[in-house]
Amino acid sequence: MGKKQEVDDRFKKFGTVSFTSITKVNDFVSLLEQGKVMGTKCKDCGLFFFPPRADCYQCLSSNMEWFEVTGTGKLVTYSKLQYAPVGFEDDLPYAIAIVDYGNYKIFGRIADDVPDDEIKVGMEMKTIGHSLPNGQLNYVFQKA
Ligand SMILES: [Zn+2]
């Protein structure tokens, strides 16, 4: 057909610094652009994955479907960072956290506008799509 092979590098748009641009789950970024935070679920064994995976490590199936992260999870733990990895210095200070949704856990950042004194382990949080000042995309945890 003479059509040039296009490289699907949508993951370049993810995160303050993108470490990978070509993955088997690039729809994640397009869905995030629509405000949807999505993981994958193995249709064969029912395991949930976040971040999304294209292949199940439990049953080795590649029979996956997307699911949207909705509702709330519980804040398991968090840490306010005063030092950041290379490339993330301008984002300081920010809090990284793990939120437990039951079938899966999400590692991410707490939204900058959540006051420190309102962050409590065990609190309900929701996960929302977010645009960074440099135009990159990520997702953050917001108070439920
Ligand atoms: Zn599986």
Aspartates and glutamates with Cα under 16 Å of Lys43, excluding same-chain neighbours fewer than 8 positions away: Asp55, Glu65, Glu68
Between Tyr83 and Lys143, what is the spin-label point distance in nm, taking each point 7 Å from the Cα along the Cα→C-beta axis? 3.1
With the charge dipole of the chain built from beta-carbon charges (+1 for Lys and Arg, -1 for Asp and Glu) about the Cα centre, the Cα from Tyr94, Phe67, Val37 projecting farthest to the positive end belongs to Phe67
Starting from the Cα of Lys126, draw a straight line to each of the lysines and keep only those under 24 Å, dropping any in the same chain fewer than 8 residues away. Lys13, Lys36, Lys41, Lys74, Lys80, Lys105, Lys143
Suppose every Lys and Arg Cβ carries +1 and every Asp and Glu Cβ carries -1, with no other charges. What dipole size does the range 1-46 come out with about its Cα centre, to the nearest 20 debye? 40
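Values in this text are rule-based calculations from the coordinates and carry no lab data. Just so we're clear, the structure is a prediction, and the values are computed from it rather than from any experiment. No Cβ is skipped: glycine too gets one built from the backbone with ideal geometry, and neighbour counts run over all protein chains shown.
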